[in-house]
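Peer 1: Please find one structure pasted underneath; my questions will follow.
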Amino acid sequence: MLFAAARSGESIATVARWVDVDEQDEVEQTLSDGEVEDVGDADGCRAALDTLRSIWASDDRLRSSLTATSAVALDAYGDPTVIACSQHADLTAEWLLSGPANTVYLCATADEQERLAPLFVTFICRSFGGRARRCRVRSRQR
């Protein structure tokens, strides 16, 4: 579903809605509309669609478990403030990692920590995952 949303220019809010309402038709249409920019996109569409169709055809217990897991991971995107902040990138990994004193504080109240944890993890992985890739490339060039 993330691939379908990215391909069609939709936001993570759309993915959260698709999971919440068990949307299949819109997702399938997005992945099979025939308009692909390159072979990789076509392959990605086929792989994503095959995976989703497999999930949609699975037994109710497995589908329910996968849907519940996805819904928990996307729960924070039901918050209008989170959605608004996710639409633009005032804070970027590049900024965070470009200066010796750039700092980000990730804070949440005790009862919001569990709900916002997927956002925090995503931010940390995106920030430091990119840095780790750049370090590996630089070390290979030496």
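No value in this document is a laboratory result; all are computed from the given coordinates. The model shown is predicted, which means the values in this text are computed figures rather than measured ones. Cβ: placed from backbone, ideal geometry, glycine included. Neighbour counts: every protein chain shown.
Peer 1: As I understand it, the value is the acute angle between the Cα axis of helix 113-141 and the longest principal axis of the Cα atoms of the chain; what does it come to in degrees, rounded to 10?
Peer 2: Once rounded, one gets 70 degrees.
Peer 1: Using alpha carbons only, how many degrees (0 to 90, rounded to 10) separate the axis of helix 12-21 from the longest principal axis of the chain?
Peer 2: For helix 12-21, the angle is close to 40 degrees.
Peer 1: Using θ = phi - 60° and the Karplus curve 6.51 cos²θ - 1.76 cosθ + 1.60, what whole-Hz ³J(HN,Hα) does each residue of the stretch 66-81 get, with Gly and Pro shown as x?
Peer 2: Computed from phi, the couplings for the stretch 66-81 are 5, 5, 5, 4, 5, 4, 5, 5, 9, 3, 4, 6, x, 7, x, 5 Hz.
Peer 1: Can you show me the helix-derived [θ] at 222 nm for the chain, built from DSSP H runs with n ≥ 4 at -39,500 (n - 2.57) apiece and divided by the number of residues, rounded to the nearest 500.
Peer 2: The per-residue figure over the chain is -22000 deg cm²/dmol.
Peer 1: Another question, then. For Leu2, Leu49, which order do you get if you count the other beta carbons within 10 Å of each Cβ and list the fewest first?
Peer 2: The order, fewest Cβ neighbours first, is Leu2, Leu49.
Peer 1: Where Lys and Arg each count +1 and Asp and Glu each count -1, what net charge lies around Thr109 among other residues with Cβ under 14 Å from its Cβ?
Peer 2: Result for the neighbourhood of Thr109: -3.
Peer 1: Using 7 Å Cα-to-Cβ label points, what is the Leu66/Thr51 separation (nm, one decimal)?
Peer 2: Computed distance between label sites Leu66 and Thr51 equals 1.0 nm.
Peer 1: Reported to two decimal places, what Rg/Rh ratio describes the chain when computed on Cα atoms with Rh from the Kirkwood expression?
Peer 2: On the Cα set of the chain, Rg over Rh gives 1.02.
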